[in-house]
1. Just the residues that are over 34 Å from the mean Cα position of the chain (by Cα) and surrounded by 11 or more Cβ atoms within 10 Å (Cβ to Cβ), please, taken from segment 61-86.
2. Considering only segment 25-42, state which residues are under 22 Å from the mean Cα position of the chain (by Cα) and either under 18 Å from residue 85 (Cβ atoms) or at pLDDT below 90 (or both).
3. So, residue 67, is that one free of Cβ contacts under 8 Å to residues at least 12 places away in the same chain and assigned to a helix (DSSP H, G or I) or not?
4. Might you check whether a residue that is more than 28 Å from the chain's Cα centre (by Cα) and either outside any helix (DSSP H, G or I) or on the phi > 0 side of the Ramachandran plot (or both) occurs anywhere in segment 43-60?
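The values are calculated or read from the model by the stated rules, or taken from the named source; none is laboratory data. The shown structure was predicted, so the numbers you read here are calculated from the model rather than taken from an experiment. FYI the Cβ positions are ideal-geometry reconstructions off the backbone, even for glycines, and counts take in every protein chain you see.
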């Protein structure tokens, strides 16, 4: 059977919204990327400015060099921890997208409480397929001849 005509008729009846949605999602993703890169640049400039102030005023200025070193380390490692969290979440999101596209979820991925599946207890195991099948066969009794 040739189903091309039916397919064309169905496409005319149903508007093609998937392309429009995908285009909007792509634009939104690009916008989000630009926004977060801009925010990252501003935050990095802020961290550099804070470090500059700590180094020039506290450490090199001689006001409180030990406190300045501690604050500088706090700022540097805080920025590194924040970058790690953001990058890790981005990686997890990309893995999740890749898995959802390539492989459908299996029963192992879904949390199912198997203790609630049966409402009654099974006392005896299921019978075997071959159990008792020879009972239906008709056998002739053979006697020994001496």
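1. 61, 64, 65, 67, 68, 69, 70, 71, 72
2. Correct list: 25, 26, 29, 32, 33, 36.
3. So residue 67 passes the test.
4. Yes, segment 43-60 has at least one match.
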